[in-house]
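See below for the structure under consideration.
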């Protein structure tokens, strides 16, 4: 059940990205070294930056007012009503693994924006 939910979240995230008219711009932000693919390090760095920007009260965690998304309760694995950096990273690592369709350790532009 949990794997199925994570897979669903990946589809949701991918759908949001593909529905976003700025998806290629977002990939350009992820692909920091401009080699046409995104490493896990590049991918995680983007979401780490986003996490910090979303943390409006600067307490090092995201609460339900800072991250308003149905996935909140699933990312908050320790159920303390906050998403800490470790929970965020774990979720993003799972997402990266699911988006990496050919399992080569990189996200092509096509994999990222599909």
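Collect the residues in region 22-54 that are in contact (Cβ under 8 Å) with a residue 60 or more places away in the chain, in contact with a helix residue (DSSP H, G or I) (Cβ under 6 Å, 6 or more places away or on another chain) and not in a strand (DSSP E or B), keeping them in residue-number order.
23, 27, 30, 40, 43
Table: residues versus (1) free of Cβ contacts under 8 Å to residues at least 60 places away in the same chain; (2) assigned to a loop (DSSP other than H, G, I, E, B); (3) within 23 Å of residue 41 (Cα to Cα).
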position: 56; (1), (2), (3): yes, yes, no
position: 79; (1), (2), (3): yes, yes, no
position: 101; (1), (2), (3): yes, yes, yes
position: 112; (1), (2), (3): no, no, yes
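Quick note: the coordinates plus some simple rules give every number you see, no bench work behind them. Computed from a prediction, not measured in an experiment: that's the story for all the values here. Neighbour counts are summed over all protein chains in view; Cβ atoms, including those assigned to glycine, are modelled from backbone coordinates with ideal geometry.
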